[in-house]
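Data block below; observations after.
The values are calculated or read from the model by the stated rules, or taken from the named source; none is laboratory data. Remember, it's a predicted structure, so these values are computed and weren't measured experimentally. Please note: Cβ atoms are built from the backbone with ideal geometry, for glycine as well, and neighbour counts cover all protein chains shown. Keep in mind that these areas ignore ligands, DNA and RNA; they rest on the heavy atoms of the full protein, side chains included. Shrake-Rupley method; radii C 1.70, N 1.55, O 1.52, S 1.80 Å.
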Amino acid sequence: MPTPEIRRRIARRLDELVARCRAEPPGSVANLYASGRGYYPPQEAGPEREEFAISVATVDGERYDAGDADVAFALQSLSKVFAYGLALADHGRDAVLSRVGVEPSGDAFNSLRFDERHLRPYNPMVNAGALVTSELIAGDGQAGALERAVALQRAFAGREDLAVDEATLEAEMATADRNRGTAYLMRSAGMLHGDVDATIERYLAQCSVHVTAGDLAVMGASLADGGRNPMTGEQVLPRRRARDVLSVMLTCGMYDYAGHWAFDVGLPAKSGVSGGILMVVPGKVGVGVLSRGLDAYGNSVRGTSVCRELSDRLGLHVFATEAEDAVLATGEPAEG
Ligand code: GLN
């Protein structure tokens, strides 16, 4: 347990980080996304353009919030992490692997390219893969499966009141032609089997659950702690399945930037078009970031830069040998 002094120092470092990152432009190629309102160019954006939050939750159950940590935003693609975890928990690794691979696609999140050799989507972190994992979620009918998907998100965040935001879901359903097209194409090739509209709704409803950066941090800490939520003590996913999920986040979580992210930041992470990034330091902490401006890959611009900075300064890259996790408190950067 950190002493109050260490806690204060960590909080101060995070505040400084937020102040510095806020000063950066939210995104040059920016595409902004506002929950329930879809995408729009930055010049039409309101105050959400400037929002910036970073939260860190530790496996000891500590949480630090800085910036706009109580702003709620849609999980969007971040939900793919939990859909995959649930599909794995429901069906086991081999059954899920036969339906969705674990290879980076090198393509955009909404690509219509599939792994033709194995006749399955490349991985569960792109839309095609998430349509499969959504279809795989067990439950009593559509409502039962959806309830289980959201229940897992709640357990990960340790928040009973997480729910599908109806305005977001409506906006998503109204602009889902590409996802629908993807699903029909997949069903024609035998990669999906069920009712396309139901699968689309199931996937988009999970995307439409609203969270804060603090929730993301706790969700990340639950993955960091082998599927155990350190705030509630609940084992929300079997330990081995949490490892599977983190592995795929490391190789595929940042879409077609995943290779570069692994090279630079070196930590499992997942982004969503709402501007959220969930990053995990295995065995240590979960990080949640919100900043709406997106780059050409659909990843948060300032979110990417803050994650890179945290990883660099603290020596967190999984292949770094100079890890000094007390640095957040002391502010001394690890050797470059
Ligand atoms: N709702 C979005 C979609 O499926 C989520 C995509 C994302 O966050 N990258 O198109």
Exactly one of Ala213, Ala189, Ala217 is aliphatic (A, V, I, L, M), open to solvent by 10 Å² or more (accessible area, probe 1.4 Å) and away from the ligand (no atom under 11 Å from the Cβ), and that one is Ala189
What residue, among those in the range 295-313 that are open to solvent by less than 10 Å² (accessible area, probe 1.4 Å) and assigned to a loop (DSSP other than H, G, I, E, B), is modelled with the lowest pLDDT? Gly298
If we scan the range 274-294, do we find a residue that is within 16 Å of the ligand (Cβ to nearest atom), surrounded by fewer than 19 Cβ atoms within 10 Å (Cβ to Cβ) and of a type outside the set (Asp, Glu)? no
Would a scan of the range 45-57 turn up a residue that is away from the ligand (no atom under 16 Å from the Cβ), in a helix (DSSP H, G or I) and at pLDDT below 75? yes
Between Val273, Val287, which is at pLDDT 95 or above and closer than 19 Å to Ser55 by Cα? Val287
Name every residue in the range 167-184 that is in a loop (DSSP other than H, G, I, E, B) and β-branched (Val, Ile, Thr), in order of residue number. Thr175
Subset of the range 105-120 [out of contact with any Leu (no Cβ under 7 Å at 6 or more places or on another chain), assigned to a loop (DSSP other than H, G, I, E, B) and either of a type in the set (D, E, K, R) or within 15 Å of the ligand (Cβ to nearest atom) (or both)]: Ser105, Asp107, Ala108, Phe109, Asn110, Ser111, Arg113, Glu116, Arg117
Please tell me if Val71 is open to solvent by less than 50 Å² (accessible area, probe 1.4 Å) and outside any loop (DSSP other than H, G, I, E, B). no
Select, from Ala163, Ala145, Ala176, Ala171, the only residue that is among the aliphatic types (A, V, I, L, M), modelled with pLDDT of 95 or more and crowded, with 16+ Cβ neighbours inside 10 Å. Ala145
Every listed condition ((1) under 18 Å from the mean Cα position of the chain (by Cα); (2) modelled with pLDDT of 90 or more; (3) among the small types (Gly, Ala, Ser)) holds for Gly67 save (1)
Kindly list, by first and then second residue, each pair from a residue in the range 244-258 that is on the phi > 0 side of the Ramachandran plot to a residue that is assigned to a helix (DSSP H, G or I), limited to pairs with Cβ atoms under 9 Å and residues at least 6 apart or on different chains. Tyr255/Ser77
Does Ala95 qualify as being of a type in the set (A, V, I, L, M), within 16 Å of the ligand (Cβ to nearest atom) and out of contact with any Lys or Arg (no Cβ under 8 Å at 6 or more places or on another chain)? no
Counted residues, the range 138-186 - those being under 20 Å from Leu237 (Cα atoms) and basic (Lys, Arg): 3
Run down Gly283, Gly233, Gly298, Gly227 and say which single residue is free of Cβ contacts under 8 Å to residues at least 12 places away in the same chain and on the phi > 0 side of the Ramachandran plot. Gly233
Taking Lys270 as meeting all but one of (1) touching a residue at least 60 places away in the same chain (Cβ under 8 Å); (2) crowded, with 24+ Cβ neighbours inside 10 Å; (3) more than 13 Å from the ligand (Cβ to nearest atom); (4) not polar (S, T, N, Q), write down the number of the exception. (3)
Within the range 237-258, identify whether any single residue is modelled with pLDDT of 95 or more, over 25 Å from Val96 (Cα atoms) and either of a type outside the set (D, E, K, R) or surrounded by fewer than 24 Cβ atoms within 10 Å (Cβ to Cβ) (or both), and answer yes or no. no
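How many residues, within the range 129-179, are within 14 Å of the ligand (Cβ to nearest atom), in contact (Cβ under 8 Å) with a residue 24 or more places away in the chain and not hydrophobic (A, V, I, L, M, F, W, C)?
10
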Lone unmet requirement of (1) out of contact with any strand residue (DSSP E or B) (no Cβ under 6 Å at 6 or more places or on another chain); (2) within 29 Å of Val59 (Cβ to Cβ); (3) of a type outside the set (S, T, N, Q); (4) in a helix (DSSP H, G or I) for Ala198: (2)
